[in-house]
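Below is one structure, written out as structure tokens; comments come after it.
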Amino acid sequence: MMSFLSYFINGVSLGSVYAIIALGYTMVYGIAKMLNFAHGDIIMVGGFTVFTIVSTMGGSPVAGVLASIVVCTVLGVTIEKVAYRPLRDASPLAVLITAIGVSYLLQNVALLIFGSNARQFTSVVTLPPLKLAGGELSISSVTIVTILSCIVIMIALTLFINRTKVGQAMLAVSEDRGAATLMGINVNGTIAVTFAIGSALAAVAGVLLCSAYPSLTPYTGSMPGIKAFVAAVFGGIGSIPGAMIGGILLGIIENLAKAYISSQLSDAIVFSVLILVLLVRPTGILGRKISEKV
Amino acid sequence: MKKRVLSLGLAAVMAFSMTACSSGTSEETEAAGNEAAAEGGEEGGEAAEGATFKIGGIGPLTGSAAAYGQAVQNGMELAIKEINEAGGINGYQIEYNYQDDENDPEKAVNAYNTLKDWGMQMLLGTVTSKPCIAVGAEAEADNMFLLTPSGSAVACIAGDNAFRVCFSDPDQGRASAQYIGEHGLATKIGIIYDSSSEYSDGIRESFVTEAANQGLEIVSSEAFTADSNTDFSVQLDKAKENGAELVFLPIYYQEASVILKQASDKDFAPIFFGCDGMDGILSVENFDTSLAEGLMLLTPFSVDEEGSQDFVAAYEEAYGIEPLQFAAGAYDGMYAIKAAAEQAGVTPDMDVSEMCEAMKGGMTQIEMDGLTGAGMTWNEAGEPNKAPKAVKIVNGVYEMQE
């Protein structure tokens, strides 16, 4: 029982990281209607920023986290402005390929600057592990911080979108971009804000990811990025609670499959579940029903 | 519309995930290659009076296994310098050229072809198993003499042109189980291995077989793959839950450093026991070496033992760090080539295939006292015969064990 709880909590923790990354995917997709494949690599940039400030320059972890949020936000908005905005009216395929290009660009620039040797990331959370049931169940502090951050971020994001003007503008752009323009909403500005928030989330995800799984390379973001994209689709892409549920479910399934079925097959099982869910509910768990407009 | 974008995205994600893992830096490789070529060229300039032996080396100078490749390059360079100063092989000087393969089989084959264009006559390489198997097939087709300092997978020396300095994977697994059993380190053993690596899986297999003979109980055997090598919480939990007193890690140092970190976060402190791939763990950037305290590994070489002092001093003077056993393996490999070439009377004017035939004979006749073993001999299959040694990390340095 204790071991089941331990697997379960680790799964929720892994899933929370996926969820925070998936939130970035899902917001950008919901509002700009594009898949930002560079999202995973922004996570990596966030990780390296913290590493440089904390481990190389000896700064405080708080400064590192703040700096990485700033760097990622600026990077995300810049990428949007330089690479995606000129393609706003181009075919979705062109935008998709551009996003993949940006992803490789970021990876290779990181390779040039940092080299491909892996670094051990110093966790920014240094509290002792929490011990329950007389020490039988030990939960690391990073796990707790990850799960809490995920909940806080989701609540804040939901409030932001439903209660603020900018949030309402995002909803409007997501509903109908043309009509939103006619109503006087600055579409480009709104999309830029979306990218800024998504990238700031990526920075937070990067810090949590590297703290929990302390290995940092220029490819650190690519696999979690792909899994988080799957989580976003799983939960219903475009839906914020969907990304959350998708991410956490994915993490739990992955860990329990590893523990009780086979540690070799866990990825295969995760993706099989995705296929099954999409067969039954093509728009994901919380996805809106799509009626084709004629 | 939405649907179309989505399906497009899913298709792209598949293509993307397939390429994401294998992408590397061709530029860096080229740069490293050019440097190595330039170095080789300079050496050549000095010794250009007569014919020279052209010996190639291949190994990862960048990437996750870079510590191994760099150590091999240094060990090889040091041995060649000494041999050249002492008059070369059969009176001929040695030129060498070392290429980066980033621990990637495709890049290793490219490096092999680059070296062939350069005029390589014998290959001391490659360093890691997968690239070695790929290059081994090419070298066998060319009948090029190949001596790998550290390629331990069985298939690395499948061709009869190939020999190795290190132990094979089955030998390492067997020797590890014997060592643990004979020294009574533990009876309940957990294993965490990389199922996507021949090296790791090969050691695990023979370890499990021998563990049964030694009366060791394998309480958990959990895998990970190259795509999921950052989260080991489940694998560690399983070992902990099943009461493992010793966790056997037949993996490379990079993942091992993450495992040690996560185990300490979980307050899980069994004995960790690794093989030669664990060598290098103290050099991971930003790694808290106190986590490796008490870690044991089976390695044929230790900087503390008698007989390696001169090598260690020369190596530290030249490169500023302590040599890994990979450096010692490469150093021994170079001297084995010298001994075999002198035994068989090989000269640089022979063609590649002719030289290989002569070297094959020479290798099986020599007996050599090297850094990685006394009285080393080779059989026709290319396997060395020597005794393993175990070391333990105490106060951040290797300490020899009985």
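The values are calculated or read from the model by the stated rules, or taken from the named source; none is laboratory data. Note that this is a predicted model, so its numbers are computed, not measured. Positions of Cβ are backbone-derived with ideal geometry, glycine not excepted, and every protein chain shown enters the neighbour counts.
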In region B:356-402, how many residues are more than 23 Å from B:PRO170 (Cβ to Cβ) and of a type in the set (D, E, K, R)?
6
All-but-one check, A:SER211 against (1) modelled with pLDDT of 90 or more; (2) within 14 Å of another protein chain (Cβ to nearest Cβ); (3) more than 16 Å from A:ALA38 (Cα to Cα), failing number (1)
Failed item, numbered, when A:MET34 is tested on (1) touching a Leu at 6+ places or on another chain (Cβ under 9 Å); (2) of a type in the set (A, V, I, L, M); (3) in a helix (DSSP H, G or I):
(3)
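Each row is one residue, and each column tells you yes or no for (1) in contact with a Leu (Cβ under 9 Å, 6 or more places away or on another chain); (2) modelled with pLDDT under 90.
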{"position": "B:TYR319", "(1), (2)": "yes, no"}
{"position": "B:PRO323", "(1), (2)": "yes, yes"}
{"position": "B:LYS338", "(1), (2)": "no, no"}
{"position": "B:GLU342", "(1), (2)": "no, no"}
{"position": "B:MET350", "(1), (2)": "no, no"}
{"position": "B:GLU357", "(1), (2)": "no, no"}
First in region B:282-294 and among the charged types (D, E, K, R), second anywhere and surrounded by 16 or more Cβ atoms within 10 Å (Cβ to Cβ), Cβ under 6 Å, 6 or more apart
B:GLU285/A:ARG119
One residue from A:GLY167, A:GLY184 being more than 12 Å from every other protein chain (Cβ to nearest Cβ) and either farther than 25 Å from A:ASN36 by Cβ or in contact with a Cys (Cβ under 7 Å, 6 or more places away or on another chain) (or both)
A:GLY184
Taking region B:305-346, which residues are surrounded by 15 or more Cβ atoms within 10 Å (Cβ to Cβ), touching a residue at least 60 places away in the same chain (Cβ under 8 Å) and under 22 Å from B:MET144 (Cα atoms)?
B:GLY329, B:ALA330, B:TYR331, B:ASP332, B:GLY333, B:MET334, B:TYR335, B:ALA336, B:ILE337, B:LYS338, B:ALA341, B:VAL346
Selection count, region B:260-278, where residues are of a type outside the set (Phe, Trp, Tyr), more than 8 Å from chain A (Cβ to nearest Cβ), free of Cβ contacts under 8 Å to residues at least 60 places away in the same chain and not in a helix (DSSP H, G or I)
2
Taking the condition of being in contact with a Gly (Cβ under 9 Å, 6 or more places away or on another chain), polar (S, T, N, Q) and outside any helix (DSSP H, G or I), how many residues in region B:61-96 meet it?
3
Against the definition (assigned by TED's automatic domain parsing to the domain that holds B:CYS275, buried (at least 19 other Cβ atoms within 10 Å of the Cβ) and closer than 14 Å to B:PRO250 by Cα), how does B:SER176 come out, yes or no?
yes
Of the criteria (1) more than 29 Å from A:THR56 (Cα to Cα); (2) assigned to a helix (DSSP H, G or I), which one A:ILE285 fails:
(2)
Subset of region B:371-401 (residues that are aliphatic (A, V, I, L, M) and within 22 Å of B:MET76 (Cα to Cα))
B:LEU371, B:ALA374, B:MET376
Odd one out for B:ALA31, checked against (1) within 14 Å of chain A (Cβ to nearest Cβ); (2) at pLDDT 90 or above; (3) over 18 Å from the mean Cα position of the chain (by Cα):
(2)
Out of B:GLY159, B:GLY184, report the one residue that is in a loop (DSSP other than H, G, I, E, B), out of contact with any Leu (no Cβ under 7 Å at 6 or more places or on another chain) and either more than 23 Å from B:ILE203 (Cβ to Cβ) or not assigned by TED's automatic domain parsing to the domain that holds B:LYS338 (or both).
B:GLY184
Considering only region A:235-263, how many residues are within 30 Å of B:VAL219 (Cβ to Cβ), more than 10 Å from chain B (Cβ to nearest Cβ) and surrounded by 24 or more Cβ atoms within 10 Å (Cβ to Cβ)?
1
If I go through region B:314-346 residue by residue, how many of them are touching a strand residue (DSSP E or B) at 6+ places or on another chain (Cβ under 7 Å) and either in a loop (DSSP other than H, G, I, E, B) or of a type outside the set (S, T, N, Q) (or both)?
11
Out of A:ALA232, A:ALA228, A:ALA212, A:ALA203, I need the residue that is crowded, with 22+ Cβ neighbours inside 10 Å and in contact with a Cys (Cβ under 8 Å, 6 or more places away or on another chain). Which one?
A:ALA203
Checked region A:217-229 for anything under 9 Å from A:TYR18 (Cα atoms) and more than 7 Å from chain B (Cβ to nearest Cβ); matches are A:PRO224, A:GLY225, A:LYS227, A:ALA228
Count - residues of region A:90-111 that are surrounded by 13 or more Cβ atoms within 10 Å (Cβ to Cβ) and within 11 Å of chain B (Cβ to nearest Cβ)
13
Scan of region B:353-390 for residues that are under 26 Å from B:ALA141 (Cα atoms), in a loop (DSSP other than H, G, I, E, B) and under 20 Å from the mean Cα position of the chain (by Cα), ordered by number
B:ALA381, B:GLY382, B:GLU383
Based on this model, can you work out whether B:MET296 counts as within 14 Å of the chain's Cα centre (by Cα), at pLDDT 85 or above and not charged (D, E, K, R)?
no
Have a look at B:ASP171, B:ASP227, B:ASP237 and point out the one that is facing chain A (nearest Cβ under 10 Å), under 23 Å from the mean Cα position of the chain (by Cα), not aliphatic (A, V, I, L, M) and not in a loop (DSSP other than H, G, I, E, B).
B:ASP227
From the option list A:LEU96, A:LEU130, single residue qualifying as more than 19 Å from A:ALA200 (Cα to Cα) and within 21 Å of the chain's Cα centre (by Cα) is A:LEU96
In the set A:SER141, A:SER103, A:SER116, A:SER123, the lone residue that is of a type in the set (S, T, N, Q), at pLDDT below 90 and touching a helix residue (DSSP H, G or I) at 6+ places or on another chain (Cβ under 7 Å) is A:SER123
Scan of region A:54-76 for residues that are more than 14 Å from chain B (Cβ to nearest Cβ), loosely packed, with under 15 Cβ neighbours inside 10 Å and closer than 22 Å to A:VAL109 by Cβ, ordered by number:
A:VAL70, A:VAL74
All-but-one check, A:LEU278 against (1) assigned to a helix (DSSP H, G or I); (2) within 10 Å of chain B (Cβ to nearest Cβ); (3) out of contact with any Leu (no Cβ under 9 Å at 6 or more places or on another chain), failing number (3)
